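Working notes, structure below.
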Amino acid sequence: MINVKHFVFSDYADKYGHLVPIEQNKDVPFEIKRVYYIHNVPYGVRRGFHSHYNLHQMLICVNGNVKILTKTPYEEEVTVLDSPEKGLYIGPMIWREMYEFSSNAVLLVLASELYSVPDYIRDYSLYEGEAKKYF
């Protein structure tokens, strides 16, 4: 799918545990300007329901698991994030929904820009029109 890519990060394990380093412009294809995480999502709740005009994100489920629906007007894909070594890159103009969070899920999001309301598209009909022009 255009503007969606699966990543596998290095995992260094020894008798002390695991370490997964993530560096901007090396392990993720953009400069990281914002980091946040989603946790304690009640059972059955779906999140997201939006796209971005310009934002690039890397989603990593650092604990538990979650399903991510990524979609354009022409195709869609579901990805299960269930390991801190797995990342899902989502670029501009991709609709996303997160769902089926396990009770212990922590979804870490690395973003290329600071929070900006005008960059969000929250109405699917508007998104579809804009995405058809973009793609």
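Between residue 36 and residue 76, what FRET efficiency follows from the Cβ-Cβ distance if R0 is 25 Å, with the result rounded to 0.05? Spell out each step's value before the answer.
Values: r = 25 Å, r/R0 = 0.99.
The formula returns an efficiency of 0.50 here.
Which net charge results when you count Lys and Arg as +1 and Asp and Glu as -1 among the other residues whose beta-carbon is under 12 Å from that of residue 45? Intermediate results must be reported in sequence, preceding the final value.
Working: positive: 46, 47; negative: 97, 100.
Charge balance near residue 45 sits at 0.
By its C-alpha gyration tensor, with a ≥ b ≥ c as the square roots of the eigenvalues, how is the range 1-78 shaped: rounded for a/c under 1.5, else prolate for a/b larger than b/c, else oblate?
The shape class here is oblate.
Which value, in Å², gives the accessible area per residue of the range 1-93 when a 1.4 Å probe is used on the protein heavy atoms?
58
According to a simple spin-label model (label point 7 Å from Cα along Cα-to-Cβ), what is the distance in nm between residue 47 and residue 116?
Those two pseudo-labels are separated by 2.3 nm.
How would 11, 119, 82 line up by accessible area, probe 1.4 Å, largest first?
Values: 11 55, 119 25, 82 80 Å².
Per-residue accessible area, sorted high to low, gives 82, 11, 119.
Note the full-extension length gain between residue 11 and residue 124 as 0.36 nm times their separation in residues minus their Cα-Cα distance, in nm to one decimal.
37.0 nm
Compare the Cα positions of 53, 30, 81 along the charge dipole of the range 17-135 (+1 at Cβ of Lys, Arg; -1 at Cβ of Asp, Glu; about the Cα centre) and return the one farthest towards the positive end.
Projecting each Cα onto the dipole axis, the largest value belongs to 53.
Check the straight Cα-Cα distances from residue 132 and name the lysines below 23 Å, setting aside those fewer than 8 residues away within the same chain.
5, 71
Take 34, 122 and sort them by solvent-accessible surface of the protein heavy atoms, 1.4 Å probe, largest at the top.
Largest to smallest exposure gives the sequence 122, 34.
Kindly sort 53, 74, 120 by accessible area of their heavy atoms, largest first, with the probe set to 1.4 Å.
So the residues, ranked largest to smallest area, are 74, 53, 120.
For the chain, set up a GNM with springs between Cα atoms under 10 Å and report which of 68, 94, 38 has the largest fluctuation.
38
The values are calculated or read from the model by the stated rules, or taken from the named source; none is laboratory data. All values reported here derive from a predicted model rather than from experimental measurement. For neighbour counting, all protein chains shown are included, and Cβ atoms are generated from backbone atoms with ideal geometry for every residue, glycine included. Each accessible area value is taken on the protein alone, full model and side chains, heavy atoms only, with ligands, DNA and RNA left out. Shrake-Rupley method; radii C 1.70, N 1.55, O 1.52, S 1.80 Å.
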